[in-house]
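The values are calculated or read from the model by the stated rules, or taken from the named source; none is laboratory data. Remember, it's a predicted structure, so these values are computed and weren't measured experimentally. Methodologically, a virtual Cβ is constructed for each residue, glycine included, from the backbone with ideal geometry; neighbour enumeration extends over all protein chains shown. Ligands, DNA and RNA are excluded from the accessible area calculation, which covers all protein heavy atoms including side chains. Shrake-Rupley method; radii C 1.70, N 1.55, O 1.52, S 1.80 Å.
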Amino acid sequence: MPSPAQPSQKKYWYKISVDSLRLWGAFIALTFVGIGGYWGYGLLQRHILERQVDVAIEEATHLLERLAGEKGLAPYRGEYQDAEGSLEKAKLAATTGDFDEALTSAERSRTLLQSIQDALRQRSPAGEAQFIAVQGGVEYRRGERGEWRQARGRVVLYPGDYVKTSSGGSAEVMTVDGSLFTVRPDTVILVARSSPEAEASGERTIALESGWVDLSTSRTASRITTPGAEARVSHRSQAVVTYDESKREGRFAAIEGGMEVTTPDGQKRRIGELEQVVQTAESLSQARPLPQAPLILGPEDNFEVSRAASDRLVLTWEPVDGAVGYSLQISRNRLFVDNIIDVEGRTKTRATVGLRGAGAFLWRVAATDAQGTQSPWTSPRRFRVSAAAAAAEQASRPRAPEEDGSAAGERPAEGPA
């Protein structure tokens, strides 16, 4: 016969089991609630982002259509076409579900078109320039003693204002005459007060204190000064100007069109297309040719590759006469800031890139000759990695490119060399 203690033991065991089941049930229920909440939050965020994209695309489209019939648009035709291209990129990214890229491109198109509209209607006659796009760490300051503030699109800049970028920052600034300045990382510029001569011709002046600036002029010439020289960049031209404060060295390169560089003691150099002049202290070198930019062979622009099909992508370009090496950059943003891959000194004209994760990427190449002079960068091309088989990947960065077994190089110095 069972002892008197046995029934109580069974009852006690049974009671503990019910409590445990209740605890486990509550835990499982909370887990499902948490998963459901996280999933729902993700859907909500995606819906909000998608809505922001729709609004930005719609507003940019209306601005594009409105400005198409504006009188006086001709001087801003280049910027208008740039905005049109950004809008098309936004629409393409939206159709493929890349809403982050779609929002970036749509906002840039909208801001650029709004700036053109402001210039045509002269809403800000006292301003000299305006931020068009900002990426990473970018600050501006009103005058010599103002506080540094975080830059953002459409902030107006006045004579005496400074713009400063960090090592991971870049910005596009458009002056009221339609010239577009791209302020590269680790750069300080001053929105200068133009000389009477420049004012009379409607030319604006930007002072480069240190770093690297790309510029594209529109209907008038623009001036950019360094501590040792002044460059007058002709209208409808593209140029690159750098200044190394520690070496007191400036470089002036014309990509399209031309410019004239003058020193305080009266030296002058005329720089033609694909030429460069180096300024050391107050001395100017003779104009020397730049290498040609490489011609990209493949893949085609907007190429899409499935992560399931392959984890590698081959980038190829034609060799450049006289080139001893090539630089390669891959980025998630069109300003090529905080690049995923940034290597130089590659000797071959192909690179095999390992793919991790999904998304859209931009890439470009430049050639370097035996004197260390770098060519212009190629126009960026885009490739997209399909999300079909990449959802499980945690890292969304391509691996460093391979060059038949060689390791990726170190991050190169910015600017033409």
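Ligands, DNA and RNA are left out, and with a 1.4 angstrom probe the accessible area of segment 78-161 is 47 Å² per residue. For segment 56-99, applying the loop criterion from DSSP together with a ceiling of 16 other beta carbons within 10 Å to the trypsin sites (Lys or Arg not before Pro) yields Lys71. Only protein atoms count toward the accessible area here, which uses a 1.4 Å probe; on segment 221-373, the carbon and sulfur part of that area reaches 43 percent.
With the cut-off at 1.5 for a/c, could you classify segment 104-246 from its C-alpha gyration tensor as rounded, prolate or oblate?
Rounded, because the longest to shortest axis ratio a/c is under 1.5.
For the peptides 250-263, 283-296, the ranking by mean Cβ contacts within 10 Å, running from highest to lowest, is 250-263, 283-296.
Work out, step by step, the length gained on full extension between Phe303 and Glu59: first 0.36 nm times the residue separation, then minus their alpha carbon distance; give nm to one decimal. Gain in length upon complete extension: 85.0 nm. Solvent exposure of segment 171-302 amounts to 41 Å² per residue of accessible area, where only protein heavy atoms count and the probe is 1.4 Å.
The Stokes-Einstein estimate for segment 174-274, based on a Kirkwood radius over Cα pairs and taken at 10 °C with 1.306 mPa s viscosity, is a diffusion coefficient of 120 µm²/s.
Using DSSP to define loop residues, name the GluC sites (Glu not before Pro) in segment 100-170 whose beta-carbon has at most 11 other beta-carbon atoms within 10 Å. Qualifying residues, ordered by number: Glu144, Glu147.
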